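Asker: Could you have a look at this structure, given as structure tokens, before my questions?
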Amino acid sequence: MELLILLLVGLWVVSATVRSVLTDGRGHTPGVRSTEPWKVGNLPSVPFSEARL
């Protein structure tokens, strides 16, 4: 009987930990905003359809 209770508590702890890790921070991280255009080699920071090359 004690083993069953211990297994149930252990399963509950593991599931609560997984749920906490998966939901932590979702929806609270701001998007990355860039104020200046950047380039890597000859690749612009805007899509090619919007770039004026």
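Asker: In terms of solvent-accessible area of protein heavy atoms at a 1.4 angstrom probe, what is the ranking of Ser20, Ser49, highest value first?
Answerer: Details: Ser20 70, Ser49 110 Å².
Greatest to least solvent exposure: Ser49, Ser20.
Asker: Would you mind computing, in nm to one decimal, how far apart the modelled labels at Leu4 and Ser49 are, each placed 7 Å from Cα along Cα→Cβ?
Answerer: Distance between the two pseudo-spin positions: 6.1 nm.
The values are calculated or read from the model by the stated rules, or taken from the named source; none is laboratory data. Source: prediction; values computed, not measured. Because the Cβ atoms are built from the backbone with ideal geometry, glycine has one as well, and the counts that use them run over all protein chains shown. Ligands, DNA and RNA are stripped out before the accessible areas are found, and what is left, the full protein with its side chains, is counted by its heavy atoms. Shrake-Rupley method; radii C 1.70, N 1.55, O 1.52, S 1.80 Å.
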